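This report concerns only the one structure given below.
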Amino acid sequence: MQIEREIVLPIPREEAWEALTEPERLEEWFANDVELDAVPGGEGVFEWDNGEVRHAVVESIEELERLVLRWDDDGTVELELVEHPAGTLVHVRETAPEWGIALELHASAAWATA
């Protein structure tokens, strides 16, 4: 299963990169407690207030351009940053080894409104 999406953030690429790679910045918008060593082979731990914990390994990183994480369930998330006239275009590509309940519900909701 693969899902792709794009968003334009009204910020410079350097600031978007920091928001994706610095634990303190990730805690502002993604998970409540983050540890991330943003180097090839570096490990990450993402914890949420609901008790969910996800582990990741940095599979690939190209500063200011691309970050790929492999999750502990063998899913991946690839984030690519591209300069855009309105700021920074973030292209997100997520893969999962099988349909998870969250992906299934998200897809069902999206298709129901189409």
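Please treat every number below as a calculation from the coordinates, not as lab data. For clarity, every value in this text was computed on a predicted model and none was experimentally measured. All Cβ positions, even for glycine, are placed from backbone atoms using ideal geometry, and neighbour counts span all protein chains on display.
If a residue must be under 16 Å from Glu78 (Cα atoms) and touching a residue at least 24 places away in the same chain (Cβ under 8 Å), how many such residues does segment 14-33 contain?
4
Here is a yes/no grid of residues against (1) in a strand (DSSP E or B); (2) touching a residue at least 40 places away in the same chain (Cβ under 8 Å); (3) of a type in the set (Phe, Trp, Tyr); (4) surrounded by 17 or more Cβ atoms within 10 Å (Cβ to Cβ):
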site	(1), (2), (3), (4)
Glu35	yes, no, no, no
Pro40	no, no, no, no
Phe46	yes, no, yes, yes
His55	yes, no, no, no
Glu59	yes, no, no, no
Val68	yes, no, no, yes
Asp73	no, no, no, no
Glu83	yes, yes, no, no
Val92	yes, yes, no, no
